[in-house]
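S.K.: Sharing a structure with you now.
The values are calculated or read from the model by the stated rules, or taken from the named source; none is laboratory data. Please read these numbers as outputs of a predicted model, since none were measured by experiment. Virtual Cβ from ideal backbone geometry, glycine too; neighbours counted across all protein chains shown. Heads up: the accessible areas ignore ligands, DNA and RNA and are worked out on the full protein's heavy atoms, side chains in. Shrake-Rupley method; radii C 1.70, N 1.55, O 1.52, S 1.80 Å.
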Amino acid sequence: MLPIAVITDTDSSLPAAIAAQYDIQQVPINIHFGQETLRAEMDINDAEAFVRIDREGKLPTTSAPTPGQFAIAYQAAFDAGAASVLCFCVSSEISGTYNAALTARDLMPDRDITVVDSRTLSMGQGFMALAAAEAIQQGASKEEAIAVAESLRSRSHVYAALATLKYLAMSGRVGHLAAGMANLLNIKPILTVRNGKLDMLEKVRTQHKAWERVIELTVESLHGRPIERMAIIHVNALEKAREFEAQLRERLTCPDTIITADFTPGLSIHSGTGIVGVVAVAATE
């Protein structure tokens, strides 16, 4: 255990193997199928979620981890030998997770706990937690680790192409008729993170053109700077993610290692299965 423990939540999309390498705990987002509550990435993953959604014809709901869940994670870190805790939460614009983490901190006033609102999600958030853990491993103080993580936030760019509007229609955020027409016309909405929220940026016809546009947007956002970190995010679309990575590598000078990450159920049930996207972190000037 590092002297400063790093904690995040499962909306970070941080792969379990990478989190384990840096002793990063991930507090699970809660997924509710009626009266049944399941913990993202512990009791249910993306594949299992959509098998059940398609079988039942209804989307589950999500909720932030409880303060108690965060308190358990904090205590586990201290029990393992950490002197302090640094917790990165999914954007407070889309979830009550940050407030739950703050409440848990206040339940432990004699402990050194800092909670950071990442103002982003998925691997944008995951890279912040990872960068902080790497810095701590190299001897950084908590304040230095936070500064490193927050510098990534301003340099991170997230773009993804939806595969279908079926699940947005199930949620009621898009009418069934509109979704049906969009699917008939093969329209693929492109999403991005803007002001701490996952927003629809534009609509493109065909998967090929949507992926091309995602790559174009990524190139434009980088402003010619090298890529420091990169991840491909997807929902039940590993082969598509690999195809997309090959296209990215053809267009961009990418890092040797690109992380491939599941979106995870706290996010995926709001976007639907089949989504593929990229998180790119520009190098500092």
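S.K.: For the structure I just gave you, tell me whether GLU212 is exposed (fewer than 14 other Cβ atoms within 10 Å of the Cβ) and more than 23 Å from PHE50 (Cα to Cα). Break it down into steps so the answer makes sense when it comes.
M.R.: Working: exposed (fewer than 14 other Cβ atoms within 10 Å of the Cβ): no; more than 23 Å from PHE50 (Cα to Cα): yes.
Considered against the rule, which asks whether it is exposed (fewer than 14 other Cβ atoms within 10 Å of the Cβ) and more than 23 Å from PHE50 (Cα to Cα), GLU212 comes out as no.
S.K.: Now for a separate question. Filter segment 87-115 for residues that are β-branched (Val, Ile, Thr), open to solvent by 10 Å² or more (accessible area, probe 1.4 Å) and not in a helix (DSSP H, G or I) and give the result. Before the answer, list the steps.
M.R.: Filtering segment 87-115 down to residues β-branched (Val, Ile, Thr) leaves 90, 94, 97, 103, 113-115.
Then keep just the ones that are open to solvent by 10 Å² or more (accessible area, probe 1.4 Å); that gives 94, 103, 113-115.
Selection gives ILE94, ILE113, THR114, VAL115.
S.K.: In segment 236-253, which residue that is surrounded by 15 or more Cβ atoms within 10 Å (Cβ to Cβ), within 20 Å of the chain's Cα centre (by Cα) and of a type outside the set (Asp, Glu) is farthest from ALA17 (Cα to Cα)?
M.R.: LEU248
S.K.: Among the numbered criteria (1) at pLDDT below 80; (2) surrounded by 18 or more Cβ atoms within 10 Å (Cβ to Cβ); (3) of a type outside the set (D, E, K, R), which single criterion is violated by GLY180?
M.R.: In the conditions (1) at pLDDT below 80; (2) surrounded by 18 or more Cβ atoms within 10 Å (Cβ to Cβ); (3) of a type outside the set (D, E, K, R), GLY180 misses (2) alone.
S.K.: Which of the residues that make up segment 78-92 are within 25 Å of SER151 (Cα to Cα) and of a type in the set (A, V, I, L, M)?
M.R.: So in segment 78-92, the residues within 25 Å of SER151 (Cα to Cα) come out as 82-92.
Of everything in segment 78-92, those that are within 25 Å of SER151 (Cα to Cα) and of a type in the set (A, V, I, L, M) turn out to be ALA82, ALA83, VAL85, LEU86, VAL90.
S.K.: Looking at LEU198, LEU267, LEU191, which is the one that is under 30 Å from ILE44 (Cβ atoms), modelled with pLDDT under 95 and buried (at least 22 other Cβ atoms within 10 Å of the Cβ)? Working first, answer last.
M.R.: On the way: LEU198 fails: buried (at least 22 other Cβ atoms within 10 Å of the Cβ); LEU191 fails: buried (at least 22 other Cβ atoms within 10 Å of the Cβ).
Matching residue, one of LEU198, LEU267, LEU191: LEU267.
S.K.: Can you tell me how many residues within segment 116-164 are among the hydrophobic types (A, V, I, L, M, F, W, C), open to solvent by 10 Å² or more (accessible area, probe 1.4 Å) and assigned to a loop (DSSP other than H, G, I, E, B)?
M.R.: Count: 2.
S.K.: Can you name every residue in segment 1-19 that is part of a helix (DSSP H, G or I) and open to solvent by 20 Å² or more (accessible area, probe 1.4 Å)?
M.R.: Residues of segment 1-19 part of a helix (DSSP H, G or I): 10-12, 16-19.
Selection gives ALA16, ALA17, ILE18.
S.K.: Show the residue pairs meeting these rules: Cβ distance below 6 Å; 6+ apart or different chains; first residue within segment 251-266 and under 22 Å from GLU48 (Cβ atoms); second residue surrounded by fewer than 24 Cβ atoms within 10 Å (Cβ to Cβ) and of a type in the set (Ser, Thr, Tyr).
M.R.: GLY266/THR62
S.K.: Could you name every one of the strands (runs of 3 or more DSSP E) located completely within segment 20-77 that has at least 2 residues being open to solvent by 40 Å² or more (accessible area, probe 1.4 Å)? Working first, answer last.
M.R.: Numbers: elements: 25-27, 30-33, 36-39, 61-63.
In segment 20-77, 25-27, 36-39, 61-63 are the strands (runs of 3 or more DSSP E) which contain 2 or more residues that are open to solvent by 40 Å² or more (accessible area, probe 1.4 Å).
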